[in-house]
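For reference, the structure is listed below as C-alpha cells.
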Amino acid sequence: MKPAPFEYHAPETLDEALRLKSELGPEASVLAGGQSLVPMLNMRLASPEALIDLRKLDELRYINVADDAVAVGAMTTHRALERSDAAYSACPLIREALGLVAHAVVRNRGTIGGSVAHADPAAELPSVLVALGGKVKVRSLRGEREIAAADLFTFHFTTSLEPDELLTEISFPALEQGAGSAFLEISRRHGDYALAGAACVVSNGNTRLAFTGVGPIPVFVEGDDPDAAAAATSPSDDIHATADYRRQLVRVLTSRAVGLARERAQVSG
Amino acid sequence: MSTRVFGKPIRRNEDERLLTGLGSYVDDISAPTAVHVAFLRSPEAHARIVKLDVSRAREHPGVVAVYTHTDLGEHDIELPLMIPHPCMPYPKTQRLLAHDEVHYVGQTIAMVVAESRYVAEDALELIELDYDPLPAVVDIEAALEDGASTTHTDSPGNVGAHLEQKVGDPDAAFREADVVFSERYSIERSAGMAMETRGVLADYDARRQELTVWDTTQAPLTIKGSLGSLFGIPYNKVRVKQPDIGGGFGTKVMFYPDEVLVPWAAIQLERPVKYIEDRIEHFIGSTHERKQIHDIEVAATADGVVLGLRDRFIHDTGAYIPYGIAIAQVAATQLPGPYRVPNFSVEFTAVYTNTVPVTPYRGCGRPQACMVIERVMDRLATEVGVDRVEIRRRNYIQPEEFPYHRGDILFADGLPVTIDSGQYDKQLDLLLETIDWEDFPAEKEQARAEGRYLGIGIANYVEGTGLGPYEGAHVQIEPTTGKVWVATGLTSIGQGLETALAQVAAEELGVEAHDVLVVTGDTQAMPWGVATFASRAAVVSGNAVAVAALEVRNKALGYAANMLEAATDDLELADGKIFVRGAPERHVTLKQVAIASNPLRYAFDDDARAATQFAPARRADGPQLPPGEEPGLEATGYYSPPHATWASGAHAAVVEVDIATGELTYVRYAAVHDCGTVINPMIVEGQVMGGVAQGIGGSFYERMAYDDTGQRRNASFMDFLVPYATEVPAMRLEHLETPSPLNPKGIKGAGEAGCIPVPALTASAIDDALSDLDVTIRDMPLDPCSLKAIIDAAPTR
Amino acid sequence: MSSRNVTVTVNGSTFEREVEPRLLLSDFLRHDVGLTGTHVGCEHGVCGCCTVRVDGEAVRSCLMFAVQADGAEILTVEGLAPAEGGMHPLQEAFKECHGLQCGFCTPGFVMAASAYLDEQQRADLTDEEVREAISGNLCRCTGYQNIVEAVKLAAKTMYGAS
Ligand SMILES: Cc1cc2nc3c(=O)[nH]c(=O)nc-3n(C[C@H](O)[C@H](O)[C@H](O)COP(=O)(O)OP(=O)(O)OC[C@H]3O[C@@H](n4cnc5c(N)ncnc54)[C@H](O)[C@@H]3O)c2cc1C
Ligand code: FES
Ligand code: FES
C-alpha cells in the first residue's frame, strides 16, 4: 500500500496555486489535509500525475466571525474551527458536527475546504452547510465566484467547481436570535462516517433539515415531518445497512433532531 | 525471607522497551541492503489463468526479480497439511504461487522483488494477467447441494472433511425425554486482525551456508525445521527468530507462502529480502475463522436436565484445509460446555469455499460451540419455566464429579476429553454478585419506564488448554551479571510471557522477577519446543521453567553447601543469596555460586574474586569437572502434560437496545475467570479484557463480508469494524482459582478465554432487553440494521 | 519523480534527506531516520499506530508525505521521555496500569494521549473523556480499559495537586 509516483508542487501563494491548477488540469489533484486523499493514494485508488499541496497557503487559514456568518478559509483545520469559541457562539452546529467527524487526530489535519470539496455524501459538514443555507467562494485565474450550498454538491464526490477552480472560503450563516440547531447521526462506531445523519435548524417556526449518508448529495428537507423526510431521501444498500433501514433512521433522526433543536431554541430564546 | 513473586501482579519486564519505542518487531530489524517484496494476488475468487506475463515488470527500473511458479523449480510445492486426519477425502493445501487455477481473492500468483516496496508495487501494475472466471463457491449451504459447482475443479465436491462422533446413547435419551426441541444457530466469519500485519525478513550467508529468518510466526521451531529440510541447509545453520510480535491470535501460527518464498528468494539473490504484508493483504491473504451453522436437537427432562444433544454443523474451511479438522473438532468437543450432557452426537462437515483459507483464530471453534449450548440453555429455561441461572445449575458438572470423562470424544490433543477440575456453581455465584444480578430487574423496570430497553445476559464456557506434546526451558544463572537467564522454545505474542515465566523462575530461585531475563522465539537459544497456540504457553512452558529452575536451585544449594562448608539442609535461598540458616553472615550470592560452578576461573569483577575466597563448589579429588558434572549453574527442563487442562469462566453483560434504530450499547460487563493457579493476575485480567473486546467485535461489529462472486466487500479497517475504546464498556473482573491437578503448578491456560462467551451472552442479553417482544437471537454477529429488522419482525407479546 | 530535499527536526535533532515526494512520513521516520518506534498498522488512517506529533499536534504519519513535513518539528515516542533512558509519566502510567500487551499500538496511543494531556492540563479526567480522546486508535490486545486507567493516572501524576 504505497502511493504511485507523482510530481509534487507546494505553491507559496494562492495565485501560484491557481496557475498550477489551470496548467496541470484534471491530471493534478489538490492536496489539503490529506485525510481523504492520501488513503486513496496509498491504496492506489487514485494515482494523479501531480499533487498541488496547499499547505503553504496561510492566506487560506482564517476564521472570521461576523454577526451574520462564520467565514472560514479553506485550509482551516477541523480542529482550529472546533476550538473557536467565537465560531461556536455564532453557529453551534459546526462544533457539534465536527465532534462527529472522524477522531481528534484526523481533525488535526483535515480541513474544512477538503471536507466540503471532497463532497462525500456520508460526511457531516456538507449537510451542515446545506441545512444552514451557507455558501462558498471559489477562485480560478479567471476570477472569484460564490456558490450557494444548494448548488455546490452535484453527485457522489462531485461539486460544481470547474477543473481550474479552488475552493477558498466556506461561509456558515450564524444562527439567528431565538433559533436552535442540532446535529445527530447514527454511525457504526464513534467517529465513523454516518449510516445516516441529520443537521437541523429551527428558526421563526421554520425547520430546515439536511441529511447525510442517504443520497448522492446532502438531502435538504423543509418541515418536520419524518415520513416526508424519509421520502425525500434516496439511500442505497451497502455492507453496513440497507436502504430501508437508512430511511427508518431518517425518520428517527428527524424527530430527534427537530425535538432537540426546538428545545435549544427555547432555552436560548 | 524470600519475597513471593508467583501470583503477584508484577509489572511487566517487557514494558519499558515497548513503551519507549525500542521494541523490535520484524519490520524494525535494520536491513539497509534488503530488497522488498510485493505479491500479485488473485483478483478473482475462482478462475483459470490464461496468461501471466511478467516481462515488463522484470524490466522496470529498480526491480530485482519477478517470480512465478515456473521459476521455483523443485520448490514449486504445496504447503504442508499441518494436521492430517482420515476424515478428509481430498485435503487441499495452497501452492506457494498459483499454477493455472486460483481459488480465492488474495491468493499469491507472482512475487516481485525490488529495491523498495514502492517500486515493487509499481511493478505489480506492469504484470499482465488474463483469466477465465469460474463459478465461485461462497455460501456453505449451497456448496453442499447437489450439482453445486466446486471450489477446486479437480475435486468431486466441496466436502473438506466429514466426521460423526457419539457419546453415550443419544437416541435413547431422545426417547426418554419429556422436552425435545431443535434450533439452528450460526456465527459469521471474522479474523484475528492483530495490529501488526505479518512479515518475514530473511538473510542468507552463502559462504557460511547460514540462513537467518525473522518471522512474525508463533511457531519458529516449525519454520526452522521446514526451511532446513526444504533448502537442504544443516539444521543448526537455520536460525529463526521471532522478535517482538504485534499480536498473534492464531493467525500468525504458520504456514504462509511468503514464509517459504522470502527465504528462498534470499538464497537465490544472496541479499536480505523483506516482506511486510500490508493491511489490505492481511485481509485477503492471512487466514480467517468462525463461520459455522449448527442444527441442534435437545432432549431434556421436565426439570430441565439435559439428557442428550444431537448436533450437526457445517464449517467453512475456505479454499484450503491446512489445519485439518482442528477448529471443527474443538467446537465438537466443547459443545457440552460445563454441563453433564451424558449423551450426545456431533456430526460436522467442513466445506470448501472460494474464500480465504480458515485456520484457528483465538477461540478456535469455542465461541461457536458456546453460542450453541448457551442459547440451548436459555431456550430450555423458557421451555421448562425456570430462570437462566437455575437451568445452568441443574446441569453443571459438580465438583465431586471431577475428573469428568466425557466419553469417546477426542480433543485436539488426540486424547479423550477429561475435564480435570472446576467449580461452576461458585463461579456463577461470584458472577451474579459482580454484575448485580439480583438488582437488575428493578433497574430494567426503571429504565423501561423511561422508554429504554435494558437486558442482561450470561454465558459460561470451558476451555481445554495447555495441550502437549511438551515444552522445554533452559535456565541459567549468568556468571557475569548474576541474573537468571531463561530460554524457551515457544514465543511471546504480546501476552506478557517474558514476565510470567520470569515469575515462575524467580519463585524457585528466590530472586526478583525483574532479575530474570526471558528469551522467547529464538531457535538458537532453545532448539526444542512446539509453539504458542491454544492457550498453552503458561501451562506447558511455565511448568517446564519450574522444572529447570528447581534443578538449578538444587544445584546451587549443593555447590553452596560445599563453598560454605555446611550441610545442604541448613541452607536457605532468598534475595539472590544462599546463607546458613541462623547465620546470615555466612552466605554466597547466586552469582558467586555460578562463578564457582565453572572450573574456568577469571577474576574481572569483585564477585569473581570473592568466589575464590570460598571452598570449591565441588568436593572432588580427581578432575575438576568430574564425569557426569557440567560447568555452570544451569539446567534444561521439560514438561509434557498428561492431557489438556480445562479452564472455565462465566461472563455477563448488561446491554441497552435502541428499538428505534437497532443500536446496541454494552452498559457494563463482568467476568469471572478460572484458569487454575494464577501466575500474574494483572496479566490474566489483561488477557481476558482483550478477549472480551474481540468478542464484542465478533458480536456486533466485525464480519468478513463476501459477495456472491467471492469478492471481499470490506477489506479495510474503514469497513471491517474493530471496536474502538468508545465501543468497549468498562469491565469488572474476578478470579476464581481451581488448581489443575494435572501439573505441579496447578496452572490452566488463559489466552483465548475472553472472547469465547461474548456472542452467546450478547444474544441472551438482547433477548432479555426485548422481552416485551418475542425475539430470539440465533445468528451472530448482529449490526444495527439486522437487529432493527429482527425487532420489526417480532410480534409484540 | 524528482527527489526533494527535506529538513525536519525529529526529537530535537535535525535531519536532512533527499526523498521521493511519495515517501510517507511514517516510512521516512522508520526507515530513513531509523526511529522504528512509530508503527504502521494500516496505512489508511484508521488504526492510529503511526501517530506522531507534528508541531505539537498529534497526526497520522501514514497520511502525510515526508515532503510535507519540511521545516516541521516532529516528536515521536522515542523523544517523549524527558531524559535519556527514563520514561515520561504517561509511559510510566502505561506500565503501572498494564496499558499494553503486544505493544504494537502503544506508541500511537502514547503520542495521541500525550497531546491530549498537554492540551487539557488537568488531573480530573473522566473515563468518557479519555475514551473519546483515544478513540482514534485501535488496540487489539487490551480491551482499552487499562489504557483509559493509564491516561487518567498520568493526568493525576502530571497535574494533580501536590
Ligand atoms: C479514519 C478516518 C475517518 C474519517 N471519518 C470521517 C467522518 O466520519 N466524517 C467526515 O466527514 N470525514 C471523515 N474523514 C475524512 C476527513 O474528514 C477528511 O479530512 C476530509 O474528508 C477531507 O479533508 P482534507 O483536508 O483531509 O482533504 P484532502 O484529503 O486533502 O482532499 C480531499 C479532496 O478534496 C479536494 N480538495 C481539498 N481541498 C480543496 C480545495 N481547497 N479546493 C478544491 N479541492 C480541494 C482534494 O483534491 C481531494 O479530492 C475520515 C478520515 C479518516 C482517515
Ligand atoms: S498506520 Fe497510520 S493510521 Fe494506521
Ligand atoms: S497492545 Fe497489542 S494492539 Fe494494543
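Quick notes on this one:
- Tally of residues being within 16 Å of ligand 1 (Cβ to nearest atom) and out of contact with any helix residue (DSSP H, G or I) (no Cβ under 6 Å at 6 or more places or on another chain) across region C:61-81: 3
- Candidates B:Ala136, B:Ala173, B:Ala219: the one that is buried (at least 20 other Cβ atoms within 10 Å of the Cβ), over 30 Å from B:Ala265 (Cβ atoms) and out of contact with any strand residue (DSSP E or B) (no Cβ under 8 Å at 6 or more places or on another chain) is B:Ala136.
- Residue in region B:383-406 that is among the hydroxyl-bearing types (Ser, Thr, Tyr) and modelled with pLDDT under 95 present: no
- When restricted to residues that are within 14 Å of chain C (Cβ to nearest Cβ) and within 30 Å of B:Thr333 (Cβ to Cβ), region B:464-502 contains 8.
- Qualifying residue in region C:99-115 (condition: within 14 Å of chain B (Cβ to nearest Cβ) and either charged (D, E, K, R) or more than 16 Å from the chain's Cα centre (by Cα) (or both)): yes
- Region B:706-731, subset more than 14 Å from chain C (Cβ to nearest Cβ) and out of contact with any strand residue (DSSP E or B) (no Cβ under 7 Å at 6 or more places or on another chain), residue farthest from ligand 2 (Cβ to nearest atom): B:Asp708
- Condition check for C:Leu80: more than 7 Å from every other protein chain (Cβ to nearest Cβ), touching a residue at least 24 places away in the same chain (Cβ under 8 Å), touching a Lys or Arg at 6+ places or on another chain (Cβ under 7 Å) and surrounded by fewer than 24 Cβ atoms within 10 Å (Cβ to Cβ): no
- For region A:12-55, a tally of residues being more than 10 Å from chain C (Cβ to nearest Cβ), surrounded by 17 or more Cβ atoms within 10 Å (Cβ to Cβ) and within 26 Å of C:Ala58 (Cα to Cα) returns 5.
Condition check ((1) at pLDDT below 95; (2) within 16 Å of ligand 1 (Cβ to nearest atom); (3) more than 22 Å from C:Leu100 (Cβ to Cβ); (4) in a strand (DSSP E or B)) across all residues:
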residue	(1), (2), (3), (4)
B:Val678	yes, no, no, no
B:Gly695	no, no, no, no
B:Phe700	no, no, yes, no
B:Arg703	no, no, yes, no
B:Gly710	no, no, yes, no
B:Leu721	no, yes, yes, no
B:Ala725	no, yes, no, no
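- Identity of the residue in region B:218-241, part of a loop (DSSP other than H, G, I, E, B) and modelled with pLDDT under 90, that ends up nearest to the other protein chains (Cβ to nearest Cβ): B:Gln218
- Only one of the listed residues (B:Ile391, B:Ile419) is in contact (Cβ under 8 Å) with a residue 12 or more places away in the chain and touching a strand residue (DSSP E or B) at 6+ places or on another chain (Cβ under 7 Å). That residue is B:Ile419.
- Among the residues making up region B:324-343, a single one is under 18 Å from B:Thr287 (Cα atoms), β-branched (Val, Ile, Thr) and outside any helix (DSSP H, G or I): B:Ile325.
- Residue, nearest to the chain's Cα centre (by Cα), within region C:61-73, restricted to residues that are within 11 Å of ligand 2 (Cβ to nearest atom) and not small (Gly, Ala, Ser): C:Cys62
- From A:Ala182, A:Ala196, residue being within 14 Å of chain B (Cβ to nearest Cβ), touching a Lys or Arg at 6+ places or on another chain (Cβ under 7 Å) and either buried (at least 24 other Cβ atoms within 10 Å of the Cβ) or within 21 Å of A:Ala119 (Cβ to Cβ) (or both): A:Ala196
- In region C:102-136, residue nearest to ligand 2 (Cβ to nearest atom) [restricted to those that are touching a helix residue (DSSP H, G or I) at 6+ places or on another chain (Cβ under 7 Å) and not in a helix (DSSP H, G or I)]: C:Gly136
- All strands (runs of 3 or more DSSP E) inside region B:439-558 with 1 or more residues being in contact with a strand residue (DSSP E or B) (Cβ under 9 Å, 6 or more places away or on another chain), among the aromatic types (Phe, Trp, Tyr) and surrounded by 21 or more Cβ atoms within 10 Å (Cβ to Cβ): B:453-465
- Test: residue in region B:292-300 that is in the same structural domain as B:Ser648 (by TED's automatic domain parsing), of a type in the set (A, V, I, L, M) and within 30 Å of C:Phe104 (Cβ to Cβ): no
- Criterion: free of Cβ contacts under 8 Å to residues at least 60 places away in the same chain and either away from chain C (no Cβ under 14 Å) or more than 16 Å from ligand 2 (Cβ to nearest atom) (or both) - qualifying residue of B:Ala148, B:Ala177: B:Ala148
- Qualifying residue in region B:209-225 (condition: within 16 Å of ligand 3 (Cβ to nearest atom), touching a His at 6+ places or on another chain (Cβ under 7 Å) and not charged (D, E, K, R)): no
- Out of B:Ala172, B:Ala161, sole residue that is in contact (Cβ under 8 Å) with a residue 40 or more places away in the chain, under 30 Å from B:Phe344 (Cα atoms) and more than 35 Å from the chain's Cα centre (by Cα): B:Ala172
- In region C:40-57, residue nearest to C:Asp118 (Cα to Cα) [restricted to those that are at the interface with chain B (Cβ under 7 Å from one of its Cβ atoms) and touching a Gly at 6+ places or on another chain (Cβ under 7 Å)]: C:Cys49
- Single residue of A:Arg95, A:Arg83, A:Arg145, A:Arg139 found to be crowded, with 19+ Cβ neighbours inside 10 Å, farther than 29 Å from A:Ser236 by Cβ and not assigned by TED's automatic domain parsing to the domain that holds A:Gly33: A:Arg139
- Looking across B:Ile766, B:Ile777, one residue alone is away from chain A (no Cβ under 14 Å) and in a loop (DSSP other than H, G, I, E, B). It is B:Ile777.
- Summed over region C:104-162, the residues that are in contact (Cβ under 8 Å) with a residue 40 or more places away in the chain and among the small types (Gly, Ala, Ser) give a count of 8.
- Residue in region C:68-75 that is touching a strand residue (DSSP E or B) at 6+ places or on another chain (Cβ under 6 Å), of a type in the set (A, V, I, L, M), part of a helix (DSSP H, G or I) and more than 30 Å from B:Pro681 (Cα to Cα) present: yes
The values are calculated or read from the model by the stated rules, or taken from the named source; none is laboratory data. A quick note: this is a predicted structure, and the numbers were derived from the prediction, not measured. Quick reminder, even Gly has a Cβ in these numbers, built from the backbone with ideal geometry, and neighbours come from all protein chains shown.
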